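Each remark here refers to the structure printed beneath this line.
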Ligand SMILES: Nc1ncnc2c1ncn2[C@@H]1O[C@H](COP(=O)(O)OP(=O)(O)O)[C@@H](O)[C@H]1O
Ligand SMILES: [Mg+2]
């Protein structure tokens, strides 16, 4: 990996209430990637991001953005970071253009009407620039928050649950937008509890639960490594029960006996597929179609958390 | 120094005031006029107490009126200014910006003090319609005005950070500042009080603010200007120290 844009070392947080929100965590983020921090509610995602952005004081460890320590050299570090928080927090009495200009100058950058125009155009907000925020829809408001976060041209953009509570269509819009942002060279770290979102968007995924970053992996490798596959046979004649000869494969009948399902580990030495197929042929069970499907990140996640609990 | 960042907060706050400019300025003008009609004309003509070198009782109460509004405006504007972003959550942006605590405070307190001083000067101008007001030390008057505005804007900032809701923002100005200002000789000379009230009154710090300010108008007052200045300076130092503590500990701003 080239020089990371973000480097986290032993960062941890215990709130005054005694809640251990994040155990000592190490993480490096490469320039230009989309990194998804995936975990259920209360996993510590917001806490981690909040520490990097200066909203929460770390209990231990350190972190640096573009080589600048987030505490010692906070000015330089924060200039490289843009944050779109989880909650919708904006001044509803302000106009779009004013609030974006405010953000840019707040971060110490000179006013730049051309840059702001381009940013608002990219986010399809230019037509709305003179409207007060209270007049905008929820999706638009969220885009204004992104515009604010990008107004000072940061290298790193944090999106905390960008599509939580957003309908399917808007979620697709958001995903497209995030991809375009990445093309413009911004490194993106997003948090989500939607596995679908991580699967759709991320280059790499960090799985976090109970304040513990339990796994960081290239999404593709993660899928491959932990990926279970499912074999589906569409039967010519429906079966009323699983033949006892197939018991050792733990196959299941679905769709009123029209489909036979077999889940196997695609990375294992012996997948059990050839022997199962031979047995089916010996038994004279005819099938019309056959397919295999990679398991989703959701299945992987459930498995990971499960293994963790068992350990 | 991130001067642009400071300017950003300052302009945002001034813009907020501008949105309510008319109520913000018309209210003090009307209130002042009422004071003059009641105190200046109706009561003032028959007032026989000490007016310390002022031309009339009407003129005598001008510094007190200005001080009353200055204190209320300072506390209210500064506390509201920092409380609002805490309440709506927009504080995230201030906390994540490359701004030092000092810069953040300069932005908020600077804007609140500007607004408070503007109101005080509008009151002075309004008073001028009703009575002749001479100012013995105009420059010192402005400096003292600024000093008190900054001190009480810092105090307001502390209240805005401390308060858990909008009710609490009102409590201190209503329950502490208004009574202490009225009892601190805003409309009379405390030297004229009978004992033990006279002695008790001198434990009220607002006596020193009001009298110090009055001294800049008439050249005389119940206490020496030096003592007034020292006590105001003391309050300023205490407020600065408390604001410093807020940022060092992250009290109610950062978890
Ligand atoms: N300000 C706070 N004070 C005390 N506990 C907190 C605070 N913020 C979050 N927590 C707790 O820390 C844990 C992690 O929360 P959070 O980082 O918000 O998780 P996530 O964003 O993954 O949902 C939770 O148990 C939450 O209740
Ligand atoms: Mg969260």
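Taken together, the values in this text are just the output of simple stated rules run on the coordinates, not laboratory data. Worth saying up front: this structure is predicted, and the values here are computed from it rather than measured. Cβ: placed from backbone, ideal geometry, glycine included. Neighbour counts: every protein chain shown.
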Q | Cα gyration tensor, the range A:68-210 - rounded (a/c under 1.5), prolate or oblate | A | oblate
Q. When the C-alpha atoms of the range A:160-311 are aligned to their principal axes, what extent does each axis show, in angstrom, from largest down?
A. 57, 38, 25
Q | For the range A:89-149, alpha-carbon Rg and Dmax in angstrom | A | 10.4, 29
Q | the protein assembly as shown: projected area of the alpha-carbon convex hull, averaged over directions, in nm² | A | 34.6
Q: Give me a single rounded figure for B:4-12: the average over its residues of other chain Cβ atoms within 10 Å of their Cβ.
A: 5
Q: Report the extension gain between residue A:270 and residue A:126 in nm, rounded to one decimal, defined as 0.36 nm multiplied by the number of residues separating them, less their alpha carbon distance.
A: 46.0 nm
Q) In µm²/s, what is D for the range B:64-144 at 25 °C and 0.890 mPa s, where D = kT/(6 pi eta Rh) by Stokes-Einstein and Rh is the Kirkwood radius from Cα pairs? A) 169
Q | Where only alpha carbons of the range B:159-220 are counted, the Rg and the Dmax (Å) | A | 14.4, 43
**Q.** Kirkwood Rh, angstrom, the range A:1-159 [1 / mean 1/r, Cα pairs]
**A.** 16.8
(Q) Would chain B count as rounded, prolate or oblate if I go by the C-alpha gyration tensor, calling it rounded below 1.5 in a/c and otherwise prolate when a/b exceeds b/c, oblate otherwise? (A) prolate
Q: Return the average number of partner chain Cβ atoms within 10 angstrom of each residue Cβ along peptide A:100-106.
A: 6
Q: Starting from the Cα gyration tensor of the range B:76-216, take the square roots of the eigenvalues, sort them a ≥ b ≥ c, and report rounded, prolate or oblate (rounded when a/c is under 1.5, otherwise prolate if a/b is larger than b/c, else oblate).
A: prolate
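Got the relative contact order for chain A handy, in percent, Cα pairs under 8 Å and 6 or more residues apart?
Relative contact order comes out at 19 percent.
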(Q) Just to compare against my own numbers: the Cα pair-distance distribution for the range A:228-294, 10 Å bins, whole % per bin, please. (A) 21, 60, 18, 1
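So what is the relative contact order for the range A:228-294, in percent, with contacts set as C-alpha pairs under 8 Å and at least six apart? The partial results should precede the final answer.
Numbers: 101 pairs, mean separation 33.0, N = 67.
The normalised contact order for the range A:228-294 reaches 49 percent.
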Q) Which value, in Å³ per residue, describes the convex hull spanned by the Cα atoms of chain A? A) 176
Q: With a point put 7 Å past each Cα toward its Cβ, work out how far residue A:166 is from residue B:176 in nm, to one decimal.
A: 4.5
Q: Mind jotting down a quarter of the surface of the convex hull over the alpha carbons of the range B:1-123, in square nanometres, one decimal?
A: 9.2
Q) For residue A:309 and residue A:75 in the same chain, what is the full-extension length gain: residue separation times 0.36 nm, less their Cα-Cα distance, in nm? A) 80.2 nm
**Q.** Relative exposure of A:240, B:189, A:151, judged by other C-beta atoms within 10 Å (fewest first)
**A.** A:240, B:189, A:151
Q. Hey, in the GNM for chain B with a 10 angstrom Cα cutoff, which one of B:130, B:157, B:80 fluctuates hardest?
A. B:130
